[in-house]
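Taking it in order: structure first as structure tokens, then the write-up.
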């Protein structure tokens with residue numbers, strides 16, 4: 001796999017325990033048009049062919065439009081080099097300088113160890129400092145208390161409830177809307 005990592009260079013954001021390897025539309029296009037299924041699965045940390053097909057369908061159906069892009073990061077544990085999750089901006093509204101953040105841990109063995117707190121701090125800073133974002137949004141299920149606490153600890157403000165906003169495994173759910181503005185981020189950093 002070393003060859004695929006050197007063939008597909010990307011920005012690395014480093015935290016004390018993690019390396020966050022950037023995934024851009026250009027990198028994803030090269031990945032799916034150049035490399036084997038095995039290479040793709042290894043590079044993205046996918047475990048099954050079903051996961052690969054889900055990710056490939058996202059690619060073939062179009063990941064970006066002229067006004068909307070994304071910037072994701074693979075979360076690699078420094079000590080092991082294993083991919084333990086993903087985090088990033090899956091809806092980046094470039095002309096409006098705003099993006100929606102999303103994240104997921106792969107496997108319960110990595111949860112409740114502070115990895116996501118470490119990653120979200122770095123990715124939020126990257127968004128404001130490197131992507132020129134003015135607003136970062138998070139839409140979270142009302143039952144997902146851990147995720148609500150995660151963004152609240154980062155200074156996000158709960159703005160309200162979006163009714164019947166998200167379909168999760170065939171079930172329509174409400175979402176809580178959170179946001180963090182660049183001005184709030186800068187004020188929090190000065191404290």
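Miscellaneous remarks
- Calculated Cα extents along the principal axes in Å (choose from [x] 58, 43, 29; [y] 52, 40, 30; [z] 44, 39, 37), label: [z]
- Using alpha-carbon coordinates, inclination of helix 115-130 to the longest axis of the chain, degrees: 80
- Residue of 43, 35, 139 that the Gaussian network model of the chain assigns the largest fluctuation, springs spanning Cα pairs under 10 Å: 35
- Distance (nanometres) between label positions extended 7 Å along Cα→Cβ at residue 10 and residue 142: 3.5
- Of the residues 142, 179, 80, the one that moves most in a GNM of the chain with alpha-carbon contacts below 10 Å is 80.
- Helix 25-34 axis, angle to the chain major axis (alpha carbon atoms, nearest 10°): 20
- On the principal axes of its alpha-carbon atoms, the range 135-191 has extents of 43, 19, 15 Å, going from largest to smallest.
- With R₀ set to 35 Å, the beta-carbon distance separating residue 68 from residue 113 gives a calculated FRET efficiency near 0.60.
- Residue 186 versus residue 163: modelled label distance in nm, points set 7 Å from Cα along the beta carbon direction: 3.8
- Applying D = kT/(6 pi eta Rh) to the range 60-105, where Rh is the Kirkwood radius over alpha-carbon pairs, T corresponds to 10 °C and eta to 1.306 mPa s, the Stokes-Einstein value obtained is 135 µm²/s.
- Inter-label distance, residue 37 to residue 104: 1.9 nm, where each label sits 7 Å from its Cα along the C-beta direction.
Any read-out appearing in this document is the output of simple, stated calculations on the displayed coordinates, not a laboratory observation. Predicted model, so just to flag it, every value in this text is computed and none were measured. Reconstructed Cβ throughout: ideal geometry from the backbone, glycine too, with neighbour counts over all protein chains shown.
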